[in-house]
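Heads up, the thing below is written out as structure tokens.
Coordinate-derived values only; no laboratory data. Just so it is clear, the structure is predicted and the values come from calculations on it, not from any experiment. Counting neighbours? That spans all protein chains shown, and the Cβs are built from the backbone with ideal geometry, glycine included.
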Amino acid sequence: MITIFKATTRHLNDLTLLFDAYRIFYKKESDLDGAKEFLKQRLTKKQSLVFMAYEGPKAVGFTQLYPNSSVSMAPLWILNDLFVAPKHRNKKIGIQLLKFAQVFAIETNTKGISLETENTNAIGNQLYPKMDFKKDKEHNFYFWNNPNFSS
């Protein structure tokens, strides 16, 4: 049975392992210490919300939402991360995490949920439309890299 709930710093160790695996999925180097500190800051400063999925005592997935507002002057959530551990895929855990986030958006009376994924993310690009996410064909997405940034 899958249980989903809002993560706190008590779940940091489990969340760190999942987040590190998520980053590796996106071709980043493993960095458990960096991941733990990053997540700790997000949770303690209330900069994001993380919903975690557990199968029994085992953490198997998470999604991370960031608050935002839009030109329509309405709050919305940005779904920045969604990950299910490879051994636990094909159990509809991603669907359950998305439904949990959608219910949360309704309960918090926000305009909706925005997300971005790579074109190569075949799983996500099939899942999101099934969950009533509409692909934005009206806007271009741009990104500026800070030349002075160092990690």
| message | Under a Cβ-only charge scheme (Lys and Arg +1, Asp and Glu -1), can you give me the dipole magnitude of the stretch 1-108 about the Cα centre, in debye to the nearest 20? | response | 180 debye
| field | Where trypsin sites (Lys or Arg not before Pro) in DSSP loops with at most 10 other Cβ within 10 Å are excluded, longest remaining stretch of the chain | value | 47-133
| field | the chain - mean residue ellipticity at 222 nm from DSSP helices (-39,500 (n - 2.57) per run, n ≥ 4, rounded to 500) | value | -10500 deg cm²/dmol
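So if each residue of separation counts as 0.36 nm, and I subtract the Cα-Cα distance between residue 32 and residue 109, what length gain in nm does that give?
Stretched out fully, the residue 32 to residue 109 stretch lengthens by 24.2 nm.
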| task | Exposed loop GluC sites (Glu not before Pro) only (DSSP loop, at most 14 other Cβ atoms within 10 Å): please give the longest stretch of the chain free of them, not including the sites. | result | 30-115
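What's the Kirkwood radius of the chain in Å, using all Cα pairs?
So the Kirkwood estimate lands at 16.4 Å.
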| Loop chymotrypsin sites (Phe, Trp or Tyr not before Pro), the stretch 1-91 (other Cβ atoms within 10 Å of the site Cβ: 12 or fewer; DSSP) | 26
